[in-house]
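See below for the structure under consideration.
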Amino acid sequence: MKELKIESIFQVYNDVSELSNVVAQLFDKAIEARTKAYAPYSKFKVGAAILLDNGEIITGNNQENVSYPSGLCAERTAIYYAGAKYPDSKILTMAITAASDNHKTKNPIPPCGACRQAIAEYEVKQNTAIEIYFMGEVGNIMKSHSLANLLPLLFDKTSL
Ligand code: THU
């Protein structure tokens, strides 16, 4: 038996003013998308904005359903639309923000496991890292330099 240690490293920014203009603009779009989320059941609104290598920015938000599992997270709404509209473009960066109607989210809210798996598909497909920034409504912002950094031992096509 031996142990395998896998490290993940994240950058933590105090607020949006510490980000580059490009990423700050991406967060503006993610916040705008968040306010349009359809989340009547959880009251938890999430917005995601994706920057592509062709300069386009694609946004998405969570879309809930009375049959709860039929809803979809913001990150997947955005990334599937990006894949549908610009199948040949690479995804450079994703910015995510989450806010609750019930309390102010102050800590960075990371993408759920299912969204990590969905984003992994595109990172493996394009063979370049997707930077992921995430925050709550206010407060710190965390950055992962890649999806793989967020999902150690990811299941990809090499496993098939
Ligand atoms: N949600 C997202 O949009 N992204 C995540 O990564 C986590 C959760 C949504 C799903 C649901 O509409 C609400 O947040 C509460 O789970």
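Some observations on this one:
- Among all positions in segment 133-141, there is no residue which is aromatic (F, W, Y) and over 23 Å from F10 (Cα atoms).
- Those residues of segment 46-61 which are part of a strand (DSSP E or B) and either within 11 Å of the ligand (Cβ to nearest atom) or open to solvent by 50 Å² or more (accessible area, probe 1.4 Å) (or both), in sequence order: V46, G47, A48, T59, G60, N61
- Selection count, segment 1-54, where residues are within 30 Å of L153 (Cβ to Cβ), of a type in the set (A, V, I, L, M) and touching a residue at least 24 places away in the same chain (Cβ under 8 Å): 13
- Of the set (1) near the ligand (Cβ under 8 Å from one of its atoms); (2) open to solvent by 20 Å² or more (accessible area, probe 1.4 Å); (3) in contact with a Ser or Thr (Cβ under 7 Å, 6 or more places away or on another chain), all apply to K43 but (1).
- Residues of segment 142-160 satisfying the condition of being in a strand (DSSP E or B) and not small (G, A, S): M142, K143
- Among the residues of segment 62-100, those that are assigned to a strand (DSSP E or B), open to solvent by 20 Å² or more (accessible area, probe 1.4 Å) and within 16 Å of the ligand (Cβ to nearest atom) comprise Q63, L72.
- The set of residues in segment 101-111 that are open to solvent by 20 Å² or more (accessible area, probe 1.4 Å) and among the β-branched types (V, I, T) contains only I109.
The values are calculated or read from the model by the stated rules, or taken from the named source; none is laboratory data. Nothing here was measured: the structure is a model prediction, and the numbers come from that model. Neighbour counts run over all protein chains shown; Cβ positions are idealised from the backbone, glycine included. Note: accessible area is taken over every heavy atom of the protein model, side chains too, but ligands, DNA and RNA are not part of it. Shrake-Rupley method; radii C 1.70, N 1.55, O 1.52, S 1.80 Å.
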